[in-house]
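Accompanying notes for the structure given below.
The values are calculated or read from the model by the stated rules, or taken from the named source; none is laboratory data. Just so you know, these numbers come straight off a predicted model, no measurement behind them. Neighbour counts are summed over all protein chains in view; Cβ atoms, including those assigned to glycine, are modelled from backbone coordinates with ideal geometry. Ligands, DNA and RNA are stripped out before the accessible areas are found, and what is left, the full protein with its side chains, is counted by its heavy atoms. Shrake-Rupley method; radii C 1.70, N 1.55, O 1.52, S 1.80 Å.
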Amino acid sequence: MTQPVDRTKSLEELDGERWGDPPIDATSLVRTVYEWRRRPIGTLEPHELARLIGQDVGLPWLLPLGVETLREEAEKVAAGGFFDGDLPYAMVTRNPEVWTENPEIAHELKKTVSKLPEMSRYVKQEVDAFLVSLPEDA
């Protein structure tokens with residue numbers, strides 16, 4: 001798979017872009033994204049990853065982390081835990097170009113989503129559309 005990323009670093013450190021403070025009239029989502037970009041990526045919870053990925057923020061670093069998190073979530077559910085569909089939904093609904101540019105991550109995501117437990121019909125439709133959109137060799 002892709003090279004490991006230093007989880008003690010923030011997205012700002014990884015991509016070298018300092019966004020500064022959010023605009024004064026920013027929505028709560030925008031303010032939150034600015035805040036999460038400053039946190040070490042290893043501290044991001046699945047719902048936070050889902051929001052950042054859903055906003056196309058930090059994809060080179062967060063998509064591999066998202067796949068890993070989904071694998072861990074699937075194991076927890078198998079042991080009787082709860083599964084939240086936000087992260088798989090955020091990942092599989094990225095622009096298809098993202099997967100063309102990141103075929104290794106697409107392949108890993110394909111393997112991972114096929115192992116996920118029951119999903120809501122809404123999330124399952126998006127997962128199925130993602131799977132169909134990938135080339136056969138992915």
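Hey, does segment 93-108 have a residue that's without any contact (Cβ under 8 Å) to a residue 60 or more places away in the chain, more than 19 Å from Phe130 (Cα to Cα) and in a helix (DSSP H, G or I)? No, that holds for no residue.
What tally of residues in segment 52-70 results from selecting those that are farther than 15 Å from Glu101 by Cβ and open to solvent by 20 Å² or more (accessible area, probe 1.4 Å)? Residues that pass the stated criteria total 3. Would you say Gly20 is open to solvent by less than 40 Å² (accessible area, probe 1.4 Å) and of a type in the set (Gly, Ala, Ser)? Here the answer is yes, as Gly20 does meet what is asked.
Has segment 40-47 got any residue that is open to solvent by 60 Å² or more (accessible area, probe 1.4 Å), farther than 18 Å from Asp6 by Cα and without any contact (Cβ under 8 Å) to a residue 40 or more places away in the chain? No, segment 40-47 contains no residue that is open to solvent by 60 Å² or more (accessible area, probe 1.4 Å), farther than 18 Å from Asp6 by Cα and without any contact (Cβ under 8 Å) to a residue 40 or more places away in the chain.
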